[in-house]
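Enquirer: The structure is given below, and queries will be raised subsequently.
The values are calculated or read from the model by the stated rules, or taken from the named source; none is laboratory data. All values reported here derive from a predicted model rather than from experimental measurement. Cβ placement follows ideal geometry from the backbone for every residue including glycine, while neighbour counts extend to all protein chains displayed.
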Amino acid sequence: MRLVDFSVGGLCVISGQSHAVGDIVSVFANFAKGGRIDLTGRVVRVVPEGTFWSVAVDLSGNYKTPPMRKP
């Protein structure tokens, strides 16, 4: 699995395994300079990418984050 995009509200990975929309998944990332982050989210989009899958995961339902923009 390769992390492609990461933001406050979600992430996108390229995976060798497909997932169904609505699946709950756990993802972790090890950082090159040390440290690790573990996240859980809901699959919101799955798109075939050749022999792999682009899997978008919504994190907003599991983590309380304040809005980044002022109304």
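Enquirer: So in the range 20-37, with the set limited to residues that are part of a strand (DSSP E or B) and modelled with pLDDT of 90 or more, which one is farthest from GLY9 (Cα to Cα)?
Expert: ARG36
Enquirer: Can you pull out the residues in the range 5-28 that are exposed (fewer than 14 other Cβ atoms within 10 Å of the Cβ) and among the hydrophobic types (A, V, I, L, M, F, W, C)?
Expert: Within the range 5-28, VAL8, ALA20, VAL21, ILE24, PHE28 qualify.
Enquirer: Please determine whether any residue of the range 58-67 is small (Gly, Ala, Ser), surrounded by 10 or more Cβ atoms within 10 Å (Cβ to Cβ), part of a strand (DSSP E or B) and within 13 Å of the chain's Cα centre (by Cα).
Expert: Within the range 58-67 (the criterion being small (Gly, Ala, Ser), surrounded by 10 or more Cβ atoms within 10 Å (Cβ to Cβ), part of a strand (DSSP E or B) and within 13 Å of the chain's Cα centre (by Cα)), the answer is no, since none of the residues qualifies.
Enquirer: Regarding THR40, is this residue under 16 Å from SER7 (Cα atoms), β-branched (Val, Ile, Thr) and modelled with pLDDT under 90?
Expert: No; evaluated as a whole, the condition is false for this residue.
Enquirer: So, one more: Looking only at the range 29-56, how many residues end up being touching a strand residue (DSSP E or B) at 6+ places or on another chain (Cβ under 9 Å) and either aliphatic (A, V, I, L, M) or surrounded by 10 or more Cβ atoms within 10 Å (Cβ to Cβ) (or both)?
Expert: 17
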